[in-house]
Structure formats: C-alpha cells, structure tokens
Ligand code: GLC
C-alpha cells in the first residue's frame, strides 16, 4: 500500500483521489464577446453593452450529452461547471435573480441539462460558483469591479450591503445543492481580501471570508450535501488545495503543518478559461499529456478546462485537445486511475515520470523522451516480476545488473540495477508507459 498519508478532509475525497482527472467548464455570457471570462472588467464594458449579450445569448447547439460523451471518452471522471462566474450571470434557474439563462433566448436551465447528462455518463458532478459578482446590486464596487473607474463609482457604491449579497449567495447555494440531486464538488472562486484601490479609490476594498460570511456558507453546503468536496478559495481551508495555471514540482503540503494535502491543479487548454476566439496559445498534445502525468506523479488531480462557444459546443481546438486525452487514456488510464506518487525507493530514469498503484503492486514508467534501446531502473534488480508496455500488454524483457557493452569502460552502474530492453522504434503512442509488476 501507498505510504503517503494526506491531511484529513471534511468531505469524501476517496473517489476523487482515485479518479484523478476532471473537466472544468467555463461557460457564460462572456462566451459571446469571446475575449476571456474577465472581459467585462478588463475592458470596463458598460452595463448597456453587456446587456446585449444577455439579450442575444442563444446556445442553440448546446448538447450536454455530447459534452459528457467527449469528457468520458477523454478519460475524465468528474466535471465542474460554472453555475455563475464573476459576471454574475446565472446558468441555472435561480428564484433570486432575473439575471439568468432561462430569461435569455436560451430559455432553459443549462445546469440542469449538464447535471443530467454527465451523471448519466457516470461522471461525478461539481459546481463552480463565483463569490465575485459584478452584476449584483449589493456587491460593493472594488479594485476588480468593472465600474471601479466610473466617474460616479463612489455614488454607485452607496447603499450596497455586502451582507445582503452574502445572503443572496446562501440562497443560491441552497438552490444548487437542493434542486439538482447529489453534487460531489463545490468550487468557490475567489478571495482577494488584501486588495485595496489606489489614491482616491482607497475606499474600494478586496473581499475575503468575512465578506462572504464563508463559515455560514460552508456550513450550509455541508448541511445539504454532507460528503461534498469544497475547495479553499473562500479563505477557509476545506478539502481541496487548488494550484492554478502552473505545474507544481512536488506534492502540495499544508502551509502550517507541512502535511501532504489533497490537491487539484486546474489548467486550461489555451490562455483563457472562457471561450477566447483569437487566443492562440493552445498547448501541444505532448504538453497536455505531460501535465496530467506530472500531476498524478506528485499525488495530485488535474482539472482541465474547456470554454464552450456561445452556440453551445466545444470548438475544434478543444475537441482535438480532448481527443489527445481520449487516444492516450484509452490504453493507458491504468497508470492514472487509482495511482499516486511512487514510493521514495523508486527513482525515475531521465525523461521519465513514475506513478504507482495505491495498492503498491504496480509501478508505471511514463517515457517522455524515448531512449535508445534500453532504460535503466536504478536499484530495481530483484524487485520486478514482469514488465510490459501498458498500451498493448506486449512483454518487455529485462536484465538485472549493470548494462555491459563491448569496448566500454568500467560501468559505474551498480549490479542492483534493472535494464529494460526496449524496441528501437518508439511505439505509436505519444507517451509510452511501461507497466512493472512488482514482487
Ligand atoms: C482564476 C480566473 C477565473 C477562473 C479561475 C479558475 O480565478 O480569474 O476566471 O474561473 O481562475 O480557477
């Protein structure tokens, strides 16, 4: 069994750390300007103009069943979809606002269809819920707000009561965790209590757990869905630590106790969470696979994001990125599901990453740069019963002891190494995986 012990979590994270791989979905009115989900505040878009997106939002090609099919094929075992992003627009039929998808030409509860379709495909279902709300009349204007630079911002802000907004959030969380069946993940985003406006805008303050009344919000969520997994972005630690848009190089630890924690890296296919038509920094197929493998090799989960178009489908770039995962996971998912960081005794060869089954019986060597003929596993002599390529279960023969070659000098390799003998030609697999059956 894995020797790694993680800090206890209030929610049920057992299925989560087994499943490892999920789909993030960022979808809202911001798919219409198609220039990033923060577009309203980045371009200080006036309310009148942003209202055009509300009046014309009509995802006529939305087919949640197709989304779920693609997620499942990609090997994703859970999904987290935006119910409300910072723009404040609700993708579900809330009774506490008119700023919702059922009041647009969409005319339907988009979250309902997402929940039904993904659950039908056997995926766990999660909700992203933005703590930030640039539309709500009681959300105080602050350094991130689209109205922050308006000449009358101070006047606009008068009378805004953040406690009324916190109550609004509780009412919506109650709707989301009551009306849609079992919800497995609640992904809040995000706190910025340290931010303060500059100069004459010093009255604009960032927001954190006290503004959200986060203790009450979390207690409500847990009272409605006891096993639910909650992230840490209310500023109150819960189940998940959520490094974003960077590749951690070690298993994430608790900042005070140093304990290993349950963590999930969230990443994007391109440079944007929401659909961004003209953004071109789409990651290569190799990078997509390496991000997943690197993350699991360090005991983490990967939540990979798709930003659907305003017509309601995944664009060709997202579909081809998902296909990269589907092609690889079809044959190699055994090195991801139910796996974690390899035990400390095992050393990854150069250009390789290791994962190990939680039961300790199998070690997986992910080959990022295919070597010439051999792969030496240091210190592994006597530890391996059998070796094969995972994708086709073809045997890989190995010898134990240092690699000997004519006319070579004394090998500095120890006799306790194990040398895998690989075919000269790399298999037709972007990242070949060696499956080692341990003694
Ligand atoms: C950042 C982005 C936000 C996105 C989130 C996903 O907070 O600002 O738009 O939803 O990351 O983790």
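Here are some notes:
- Residue match in segment 282-290 (condition: in a helix (DSSP H, G or I), in contact (Cβ under 8 Å) with a residue 60 or more places away in the chain and out of contact with any helix residue (DSSP H, G or I) (no Cβ under 8 Å at 6 or more places or on another chain)): yes
- Among the criteria (1) closer than 21 Å to residue 86 by Cα; (2) within 15 Å of the ligand (Cβ to nearest atom); (3) touching a strand residue (DSSP E or B) at 6+ places or on another chain (Cβ under 8 Å); (4) at pLDDT 95 or above, the one residue 274 does not fulfil is (3).
- Filtered residues of segment 115-141 (kept if away from the ligand (no atom under 16 Å from the Cβ) and either at pLDDT below 95 or outside any loop (DSSP other than H, G, I, E, B) (or both)): 115, 116, 117, 118, 119, 120, 124, 125
- Some residue of segment 41-50 being within 16 Å of the ligand (Cβ to nearest atom), under 30 Å from residue 238 (Cα atoms) and touching a residue at least 60 places away in the same chain (Cβ under 8 Å): yes
- Residue tally, condition more than 16 Å from the ligand (Cβ to nearest atom) and without any contact (Cβ under 8 Å) to a residue 60 or more places away in the chain, over segment 77-96: 1
- Subset of segment 242-271 that is touching a strand residue (DSSP E or B) at 6+ places or on another chain (Cβ under 7 Å), more than 16 Å from the ligand (Cβ to nearest atom) and in contact (Cβ under 8 Å) with a residue 40 or more places away in the chain - its residue that is farthest from residue 81 (Cα to Cα): 259
- Here 1, 32 are screened, and the one residue that is surrounded by fewer than 22 Cβ atoms within 10 Å (Cβ to Cβ) and modelled with pLDDT under 95 is 1.
- Looking only at segment 187-208, residues that are free of Cβ contacts under 8 Å to residues at least 40 places away in the same chain and within 16 Å of the ligand (Cβ to nearest atom) come to 2 in all.
- Exactly one residue out of 317, 334, 290, 353 is farther than 30 Å from residue 372 by Cβ and either at pLDDT 95 or above or within 16 Å of the ligand (Cβ to nearest atom) (or both), and it is 317.
- For segment 85-107, the criterion of a residue being within 22 Å of residue 234 (Cα to Cα) and in a strand (DSSP E or B) is satisfied by at least one position.
- Criterion: modelled with pLDDT of 95 or more and surrounded by fewer than 16 Cβ atoms within 10 Å (Cβ to Cβ) - qualifying residue of 433, 425: 425
- Flag if residue 227 is within 15 Å of the ligand (Cβ to nearest atom) and either in contact with a helix residue (DSSP H, G or I) (Cβ under 8 Å, 6 or more places away or on another chain) or within 26 Å of residue 76 (Cβ to Cβ) (or both): no
The values are calculated or read from the model by the stated rules, or taken from the named source; none is laboratory data. Source: prediction; values computed, not measured. Heads up, the Cβs are rebuilt from the backbone with ideal geometry, glycines too, and the neighbour counts pull from every protein chain shown.
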